[in-house]
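*Asks:* Pasting a structure here, questions to come.
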Amino acid sequence: MSENSATPESAAPDAHAPEGDARAPEADAPQAAAPGTVAAQAHSLGSTAVSAATPRRGAPMFPDGTGPAADPAGSHHERRIRSFQPRRSRVSPTQADALRRLWPTWGLDIDGLSRIDLDAFFDGLPVVLEIGFGMGEATAQMAAADPATGILACDVHTPGQGNLLGLAERNGLSNIRVANGDAIILLREMLAPGSLAGLRVYFPDPWPKKRHHKRRLIQPEFLALATTRLAPGALVHCATDWEPYAEQMLEVLSAEPTLENLYPGYAPRPDFRPLTKFEGQGLDKGHIVHDLLFRRRGA
C-alpha cells in the first residue's frame, strides 16, 4: 500500500510503505482473461503494446485519453497544500499496456465533475474505498479473498495503477476499480453520502517533521468529510508503522463522534489485511505496526 496524506488542505495518495515502495518489482506480462469476464471485455477493446512506455519530459503519457490523466481535476477545483506528488515515474511496457487496454473499463479519473454511480460501476457490490495502494499486490489479494466486495482503489502512482490493473486481469478480479487523482475531491464531489461500505488507509505517509504534520491524511477535517460517505456499520481500517502517527490516528479517530473503536486501543492485524514483504522486512528490523479498526455508528 502506498503512503498517502490527504486532508481538506492536502489530498490523496503518495507512496511510503508496503506496496508503495518505488522499488517494488514489475508485474509479469498479462495472461489472457477468461471469456465472458469483465477483464476479457476490457481486453477486447484492443491496443498495441507500447515499446517506449515513458514519454519525453512534459509530454502527456496517454495523449489519446486511453489512460489516467496527469491532472484530472485540472482547474475545476481549488488548489490546496497537498501531501502527494503524482509520481509518474517509469512505467514498464507491461504496465502501460494494461493501462491502455483496461483503463477505459476499470479506470476512473477524479475530475470532480460528476457523481459516480457505484452500483453501476461495481455491478451492485458493496464498495470499500482504499486510499493509497502503491503497486497493488495487497489490494489484489484482498479482492481475491473477498469477491463479494468491490474495492475502489485510489492512488496517483501511474506504475502502480498499471500494475494493479494487470494483476486484476491476470487473476480474474472483476471487483477492482482504479481511481486516479485527489482523494478529497473524490470524497467531496464524486461519492454520494452513505455510499461506502468501508474505508482503508494503509501506511500513509507519516510526514515525520513537525512542520509537515498538517499534510498527514488522518486529520479531524478529513474524517468529518469521509464519515459522511460511509454507510452505518461501515468499517474504517488504518495501519501505520510510524509510532507517533499511530498515536495521532488513535486520538483523531477516537474523537470523531460518528465512529466507535472496536478495541480498547489498537487492534490486532485482521486476517483480511495481507502481510506484505515490505512490512515483513520492517518487522524484522523491529518496526511495530499498529492497526486501528473503527465502525461508523448508526442503525
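The values are calculated or read from the model by the stated rules, or taken from the named source; none is laboratory data. No experiment lies behind these values; they were computed from the predicted model shown. Neighbour counts run over all protein chains shown; Cβ positions are idealised from the backbone, glycine included.
*Asks:* When the stretch 244-298 is examined, which residues are found to be at positive phi and touching a strand residue (DSSP E or B) at 6+ places or on another chain (Cβ under 9 Å)?
*Replies:* Result: 298, single match.
*Asks:* Looking only at helices (runs of 4 or more DSSP H) that lie completely in the stretch 189-299, which have at least 1 residues being among the basic types (Lys, Arg)?
*Replies:* Hits in the stretch 189-299: 277-284.
*Asks:* Please work out which residue is nearest to residue 244 (Cα to Cα), limiting yourself to the stretch 171-188 and to residues that are touching a helix residue (DSSP H, G or I) at 6+ places or on another chain (Cβ under 8 Å) and in a helix (DSSP H, G or I).
*Replies:* Of everything passing the filter in the stretch 171-188, 184 is nearest to residue 244 (Cα to Cα).
*Asks:* Something else about it: Just checking, how many residues over the stretch 250-299 are surrounded by 16 or more Cβ atoms within 10 Å (Cβ to Cβ), farther than 24 Å from residue 209 by Cα and among the acidic types (Asp, Glu)?
*Replies:* Count: 1.
*Asks:* With the requirement that a residue be within 17 Å of residue 173 (Cα to Cα), of a type in the set (A, V, I, L, M, F, W, C) and in a strand (DSSP E or B), what does the stretch 114-160 give you?
*Replies:* 127, 128, 129, 151, 152, 153, 154 - these are the residues of the stretch 114-160 that are within 17 Å of residue 173 (Cα to Cα), of a type in the set (A, V, I, L, M, F, W, C) and in a strand (DSSP E or B).
*Asks:* Quick one: in the stretch 246-299, of everything that is in contact with an Asp or Glu (Cβ under 7 Å, 6 or more places away or on another chain) and among the small types (Gly, Ala, Ser), which residue is nearest to residue 137 (Cα to Cα)?
*Replies:* Among those residues, the one meeting the criterion is 282.
*Asks:* Return yes or no: is residue 273 among the basic types (Lys, Arg) and over 19 Å from the mean Cα position of the chain (by Cα)?
*Replies:* Taking the combined requirement at face value, the residue does not satisfy it.
*Asks:* Ok, one more. Please find, within the stretch 228-249, the residue that is surrounded by the fewest Cβ atoms within 10 Å (Cβ to Cβ) out of those that are over 21 Å from residue 290 (Cα atoms) and of a type outside the set (Gly, Ala, Ser).
*Replies:* Across the stretch 228-249, the extreme among qualifying residues is 232.
*Asks:* Any chance you could count how many residues in the stretch 130-148 are surrounded by 17 or more Cβ atoms within 10 Å (Cβ to Cβ) and out of contact with any helix residue (DSSP H, G or I) (no Cβ under 8 Å at 6 or more places or on another chain)?
*Replies:* Final tally of qualifying residues: 2.
*Asks:* Then there's this: Tell me the residue from 189, 260, 247 that is under 19 Å from the mean Cα position of the chain (by Cα) and not hydrophobic (A, V, I, L, M, F, W, C), please.
*Replies:* Being under 19 Å from the mean Cα position of the chain (by Cα) and not hydrophobic (A, V, I, L, M, F, W, C) holds for just one of 189, 260, 247, which is 189.
*Asks:* Right, here's the next one. If you check 90, 115, 101, which single one turns out to be out of contact with any strand residue (DSSP E or B) (no Cβ under 9 Å at 6 or more places or on another chain) and at pLDDT below 95?
*Replies:* Only one candidate qualifies: 90.
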